[in-house]
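Shown next, in structure tokens, is the structure this report addresses.
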Amino acid sequence: MNIAVVGCGAVGRAVCELAGSYGHRVTAIADSTSAAVDENGLDVTTVLDRKAERGTVGSGDREHALASEYDVLVEATPTTLGDAEPGFSHAERALARDAHVVLANKGPVAERYGDLRAAERDSAGTVLFEATVGGAIPILSTIADLGSEDVTAVRGVLNGTANFVLSRMSAEGLDYEHVLAEAQDLGVAETDPTFDVEGTDAALKCVILANVLGDGDVTLDDAQVEGITRLTPSALDLASEDGRTVRLVGEVTDGEDPTVRVGPRLVPEHGTLAVTGTQNIVQLETRHAGQLNLSGRGAGGRATASAVLADIGRLP
Ligand code: HSE
């Protein structure tokens with residue numbers, strides 16, 4: 001496949017680095033202010049070295065990359081809420097010319113699912129978005145394999161940053177600000193971790209799951225969301241005295257009117273949901289197969305890029 005990658009953060013860069021080893025060719029890379037395009041295949045190392053040294057991938061602009069020839073557009077620009085722009089328009093343009101779209105950007109799938117599916121219906125291209133939920137963990141492809149009508153509910157820990165903070169607070173008795181600063185120093189948390197600690201990122205992932213299960217048009221506005229910013233070490237101590245701990249848990253219940261809730265929940269200290277560090281876990285409740293548990297790396301450039309590349313491998 002010839003791949004155009006729009007968005008050159010940790011995930012976009014890792015997709016570019018790994019694409020060759022999956023048998024693909026990167027023909028365009030765009031960041032927010034520049035682009036590099038070569039329809040015969042870019043020298044990815046040179047482009048990414050230039051990005052590291054000068055802050056730009058090339059001398060063209062994003063338009064140049066979007067207008068180039070490619071088989072699949074990888075949309076890895078930052079998630080935006082509401083109209084989900086510019087990610088939505090990037091996807092729409094690629095579909096309008098019958099190219100495939102693989103999203104790492106959650107915005108179009110969480111906020112404009114109906115519009116995205118409508119654009120896909122009018123196209124010979126396919127839209128896939130495994131990387132938007134749970135990083136490397138094959139959650140959406142498992143649901144697709146089972147059949148979404150077989151899955152009745154999903155519950156899980158879907159934010160690595162919040163989980164790192166909660167598991168460190170709990171293990172070391174440290175306060176929230178201290179552990180968050182540590183997470184930022186280690187590069188676990190984003191420079192602006194607001195979406196992570198306020199529960200927005202986990203809620204977007206749950207909204208995407210609700211849309212997939214119900215083939216509906218749920219958005220973040222439909223979700224009940226509470227973050228972890230007000231949790232104190234003493235609350236965690238109290239939970240621990242009772243053999244429990246706290247995790248930021250997202251829940252999706254399928255049905256006519258799917259419900260999406262995210263918030264801190266008490267879970268058994270050594271139970272399945274009490275994953276530590278940046279790990280994520282998802283529990284699928286199924287009609288015929290009972291409960292399935294999937295866990296692994298929920299964040300990180302290479303881990304998330306592996307989900308993007310797995311999607312590219314699934315394209316027709
Ligand atoms: N920042 C997210 C997390 C990963 O910490 O899990 C991207 O959704």
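The numbers here are math on the coordinates, done by the rules we state, and not lab data. Computed from a prediction, not measured in an experiment: that's the story for all the values here. No Cβ is skipped: glycine too gets one built from the backbone with ideal geometry, and neighbour counts run over all protein chains shown.
Between D242 and E182, residue separation times 0.36 nm minus the direct Cα-Cα distance comes to 18.8 nm. In a DSSP loop and with at most 13 other Cβ atoms within 10 Å, the GluC sites (Glu not before Pro) in the range 218-262 are E256.
For the options R168, R97, R261, a Gaussian network treatment of the chain with springs between C-alpha atoms closer than 10 Å singles out R97 as fluctuating the most.
The overall shape of the range 235-316 is oblate: from the C-alpha gyration tensor, with semi-axes ordered a ≥ b ≥ c, the ratio a/c is 1.5 or greater and a/b is no larger than b/c. Each of D215 and H288 was given a label point 7 Å from its Cα along the Cα-to-Cβ line. The distance between the two points is 1.8 nm. A simple charge model with +1 on the Cβ of Lys and Arg, -1 on the Cβ of Asp and Glu and nothing else charged puts the dipole of the range 134-236 at about 300 debye relative to its Cα centre. For the listed peptides 102-114, 124-136, 192-204, a ranking on the average number of other beta carbons within 10 Å per residue, highest first, reads 102-114, 124-136, 192-204.
Calculate the FRET efficiency for Y22 and T80 from the Cβ-Cβ distance with a Förster distance of 35 Å, rounded to the nearest 0.05. Efficiency for this residue pair is about 0.80.
Summarising the label geometry, the points placed 7 Å from Cα in the beta-carbon direction at D257 and R50 lie 5.5 nm from one another.
Dividing the summed helix terms, -39500 (n - 2.57) for each DSSP H run of n ≥ 4, by the number of residues in the chain produces a 222 nm estimate of -11000 deg cm²/dmol to the nearest 500.
Within the range 10-92, none of the GluC sites (Glu not before Pro) combine a DSSP coil assignment with at most 10 other C-beta atoms in a 10 angstrom radius.
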